[in-house]
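K.L.:
Encoded as structure tokens, here's the structure I'll be asking about.
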Amino acid sequence: MTADLTELVSWMKANPGAAATVSAAIIAVCGVIFSAFSAFVTGRRSVYISSVTAERSKWIEKLRSNIAELLQLCAVINNDTKTRLDYDEKRNKADGLISLISLQLNPADEGGIDENLIAHLRILVKATEKSGEEFREEEEKFVRHSQFMLKEEWEKVKTEARGWIATLWNKVRGKKRARKCAYIRFVREELPWASKGH
């Protein structure tokens, strides 16, 4: 092996023009290999990001739609009297939507928003038995609560789409921290029953 290297070095000294051509060719081949590998990695990442982002966007839209449907159904239940024949049917549908929305949320999310929203679902449906004014107050809290959760999820979609640079930039700007502080303030002021640990 050492003899081969010594022979190669001797040849390069004897033929400086050819050595420069060989060196340039080796550098060019390395550049092509690196470019191909980089394009492969970037392509795979782009496909992954676009598929995950697209699915998360669909999930957010479906969740928003289910929440809107539950709110509409709860308003109808609150306006109806319990003596109506379809009251039980509407309550059953509301319970089904609660289960569906609960399954779309993550009860172990780090910010506690999903966990608290799952608990808030039952409170909202129970509020349908109260006066119209009390129900509207609870409904408004639930809407604001949902907005916090949907905004947080949308920010995740944007960050995933932009990549690690956006994540770093958002940390520098402190946007996520500001949203978390706003949510904590909302919980403290309007949801005394909510999880205190978040």
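K.L.:
For the stretch 89-188, what's the radius of gyration and Dmax over Cα atoms, in angstrom?
P.N.:
16.0, 51
K.L.:
Taking LYS175 as the anchor, which lysines have their alpha carbon closer than 19 Å to its alpha carbon, excluding any fewer than eight residues away along the same chain?
P.N.:
Qualifying lysines at Cα under 19 Å: LYS151, LYS156, LYS158.
K.L.:
Could you name the lysines in cross-link range of LYS90, using Cα to Cα under 28 Å and dropping any fewer than eight places away on the same chain?
P.N.:
LYS58, LYS62, LYS82, LYS126, LYS130, LYS141
Read-outs: derived from the displayed coordinates by stated rules, not from any lab. Note that this is a predicted model, so its numbers are computed, not measured.
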